[in-house]
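> First the structure, which I've put down as structure tokens, then a few questions once you've had a look.
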Amino acid sequence: MTSNRFFYSGGVVRQSLRQHGWIGLLYLAGLLFTVPLPLFMSTGNEQVPTVLRSLFDGTSSGDGLQNIVFLTVPVLAGVMLLRFIQRKGSSDLYHSLPLRREHLLTAHLISGLILLIVPIWLTAGVTALLNTSVELPFIFHINDIGSWALVVSVISIFLFAFTVFVGICVGQSLLQSVVVYALLLLPFFLYSMISRFLGHNLYGYTQITGTIVQYSNGVELRSSNNIWYSLSPFARIMELAINAFSYVELVIYIGVSLLFVILSYVLYRKRLVEKATQAMAFTFFQPLFKAGVMVCAMLLIGEYFYSTGGQRKDWAIFGYVLGAILGYIAVEMVIRKTWQIVRIRALLELVAYGAVLGLAMYIPTSSWIGFEERIPTAHSVEQVYAGPNLYLDGGATRKNLYFSQEKDFIAAVLNLQRELVRAHSAGETSGSNKEPQQRISIAYCLDDGTIMTRSYTFPEQPFRAALAKVMLSEPYKTVSYSLDKLYGTAETISIQSADDNERRVVLTDPKDIREFEAVLKEEVLDMSYIEMQAGSYALGNIEILNKPSSISAEEPEWTRNVSYNWHLSFHKLNAWLERKGYADKVIITTKDILSVRAIPMISQEKEPYQPGKYIDEVNLFRILQQKYKVTTIEDPKLWNTVLDNRNNYSYDPQVEKGTYLFQVKIKSISGSGFHTVYYLLTPKDITPELAKALPTAP
């Protein structure tokens, strides 16, 4: 009955295939429906053939449905094939056979591999046949099919081996399924929740969703590859369409699969038959199981109470305590298979686990670590990055522009950080909810080769002097406004009016593009601190589309685009557009206006609609004109004053007295009809001549 040569029982293999053959058929159907079928259904479409990066591409696999298929069926196979050790009757039956445990496990492993690998390569064969016999609107080669089959085979083997290993460690099929998916997501979940926890409790901590790496030429860049995504198989598999597996990853997954198989053999030899239907088959896993469930519950519930409790730490602490209690109760009920878990030992155990986990969460955020007070010295900083967000964008050859070696800029950034740390220690960085908040992210390249990152959110007013020195510098503006993308060789530049979407001009002449980008860069570098914070009215939007050669092969297509607001204060840019004859095509002037009406903004009219309700300019104007007089301004000179001093409408329940809301009707560029825009003018924007024409504010 047993083949000693092949170390398994052929009879058990045949029995498993007869009993669980439907899993292989399900896998085959799922793969056929998500790979070759969408390709075949796309035939007959009159479209330009698309080159597929891989067969995981969403254009051919039903928007990620393929990923779901091979994330579920291998796990299902592992759960079903190991039910013989999870059920009391079948466990007694199989272990009474004249077979060694190694033979039983090997037979079920072979059965599972047959059920998973055969459908994959059958699907690959069907896809290859389809590609050679039918004219498809997608371009891919036999190598792409082989790579797809290899990757799916490795993933399926890994998931199956991992599920078998978990099944050996637990005694219930349902719990086995839950634990498998929980562990597959655990690295990503822990990284996200721990980063949130540290962000709430460590001033300056920043969550980096990519890894910052250093190359031999000294260029620093931030890759989109995060090690925590790679450590979480579930998250890693779900992004296969945009980030293919490397050969190193495949080797690692194969190695880890072999490790799980070896551990399964070792643990299966020690597993007791009586552990069938028990939550944990080995008691030495129980402390780890309890601690894992408790810490996940603490982080999750603590984050919930922190977010819903107005970001107050007392609510967060309550959430951590409640999470520890609920997590312990849940895991005890699972292990003991009863809700009657109240006993002295359980209470003492809860206190012990809670104390250890609480200490583990407190130590990283305590002053003992010195994270918040750590500021590098000026001589230890080789380069510095500072911007609104820690996101290093642009082509690989221009990444170094984001890091500055200017000593004055390094000193300004260090000085700002010192002031923020000092104020935080004195409790002065919280500010009120109504104060404008500023955010700045910093990355220091230190002389020992490490990179130190910090991110701060703080009230702008108390730190204006130190902040202005940073924000007015060229390196900061390069980061904030993507000035390194102004190569002077754009493919097109589109300028669209903010007042009328129909008014638009597109620059394609290389000379015009070169001159325009040079003037735009000069305008941005000349922007004042106040202009950067508040900004004058945006006359329009500038969209620059760079050439495909401006980005590297690893960068997505959208990185070719960069946009800017065309501010009213950009006088040099306005003059250039007028000189070139483009201004009249996009700028609204008094000759384009049909009428101008004004009404005072009354703050008490807005307050009843708080909190949490936004009133757009159309509805607010309608509400105000029901109670207050609307004045029509007839003088075109005053129209010009309105245009020169206008501000965008913004919803604010507390408006400054003397602020007016203007309704301006603009002629359609087609010559028929009009559309309406709304502007705000504050008291400082209103000239004496305009004030005479306006109604008196109540």
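The values are calculated or read from the model by the stated rules, or taken from the named source; none is laboratory data. Since the structure is predicted, the reported quantities are computational estimates derived from the model, not experimental observations. Note that we place each Cβ from the backbone using ideal geometry, even for glycine, and neighbour counts take in every protein chain shown.
> Given (1) in contact with a Lys or Arg (Cβ under 6 Å, 6 or more places away or on another chain); (2) among the hydroxyl-bearing types (Ser, Thr, Tyr); (3) not assigned by the TED database to the domain that holds LEU525, identify the lone condition not met by SER497.
(3)
> On to the next question. Just checking, which of ALA324, ALA297, ALA291, ALA316 is closer than 30 Å to VAL164 by Cβ, buried (at least 19 other Cβ atoms within 10 Å of the Cβ) and small (Gly, Ala, Ser)? Lay out the reasoning, then the answer.
Numbers: ALA324 fails: closer than 30 Å to VAL164 by Cβ; ALA291 fails: buried (at least 19 other Cβ atoms within 10 Å of the Cβ); ALA316 fails: closer than 30 Å to VAL164 by Cβ.
ALA297 is the lone residue from the list that is closer than 30 Å to VAL164 by Cβ, buried (at least 19 other Cβ atoms within 10 Å of the Cβ) and small (Gly, Ala, Ser).
> One residue is enough: does the range 576-592 have a residue meeting the conditions closer than 27 Å to ILE633 by Cα, surrounded by 12 or more Cβ atoms within 10 Å (Cβ to Cβ) and without any contact (Cβ under 8 Å) to a residue 12 or more places away in the chain? Lay out the reasoning, then the answer.
Step one: list which residues in the range 576-592 are closer than 27 Å to ILE633 by Cα, which gives 583-592.
Then drop every residue that is not surrounded by 12 or more Cβ atoms within 10 Å (Cβ to Cβ), which leaves 583-590, 592.
Still in the list and also without any contact (Cβ under 8 Å) to a residue 12 or more places away in the chain: 583-584.
Within the range 576-592, one or more residues are closer than 27 Å to ILE633 by Cα, surrounded by 12 or more Cβ atoms within 10 Å (Cβ to Cβ) and without any contact (Cβ under 8 Å) to a residue 12 or more places away in the chain.
> Which of the residues spanning the range 350-369 are hydroxyl-bearing (Ser, Thr, Tyr), part of a helix (DSSP H, G or I) and within 23 Å of TYR203 (Cβ to Cβ)?
If the condition is that a residue be hydroxyl-bearing (Ser, Thr, Tyr), part of a helix (DSSP H, G or I) and within 23 Å of TYR203 (Cβ to Cβ), then TYR362, THR365 are the ones that fit.
> When you scan the range 492-584 for helices (runs of 4 or more DSSP H) that lie fully inside it, which ones turn up with 2 or more residues that are farther than 20 Å from TYR481 by Cα, under 34 Å from the mean Cα position of the chain (by Cα) and at pLDDT 90 or above?
none
> Can you tell me which residues in the range 452-466 are crowded, with 18+ Cβ neighbours inside 10 Å and touching a residue at least 60 places away in the same chain (Cβ under 8 Å)?
ARG454, SER455, TYR456
> Residues that are surrounded by fewer than 15 Cβ atoms within 10 Å (Cβ to Cβ) and modelled with pLDDT of 90 or more: does the range 476-489 have at least one?
No - not one qualifying residue is present in the range 476-489.
> Is there a residue in the range 378-386 that is surrounded by 16 or more Cβ atoms within 10 Å (Cβ to Cβ) and modelled with pLDDT under 85?
Within the range 378-386 (the criterion being surrounded by 16 or more Cβ atoms within 10 Å (Cβ to Cβ) and modelled with pLDDT under 85), the answer is no, since none of the residues qualifies.
> If you take the residues in the range 327-373 that are over 25 Å from ALA426 (Cα atoms) and among the polar types (S, T, N, Q), which one is surrounded by the most Cβ atoms within 10 Å (Cβ to Cβ)? Before you say what the answer is, go through the steps one by one.
We begin by selecting, within the range 327-373, every residue over 25 Å from ALA426 (Cα atoms); these are 327-360.
Filter once more, keeping what is among the polar types (S, T, N, Q): 338, 340.
Numbers: THR338: 9, GLN340: 7.
Selected residue: THR338.
> Would you please name the residue that is nearest to VAL479 (Cα to Cα), looking only at residues in the range 417-460 that are out of contact with any strand residue (DSSP E or B) (no Cβ under 9 Å at 6 or more places or on another chain) and at pLDDT below 90?
Filtering first and then ranking leaves ASP448.
> With the structure loaded, tell me whether SER216 is over 30 Å from PHE318 (Cβ atoms) and at pLDDT below 75 or whether it fails that test.
yes
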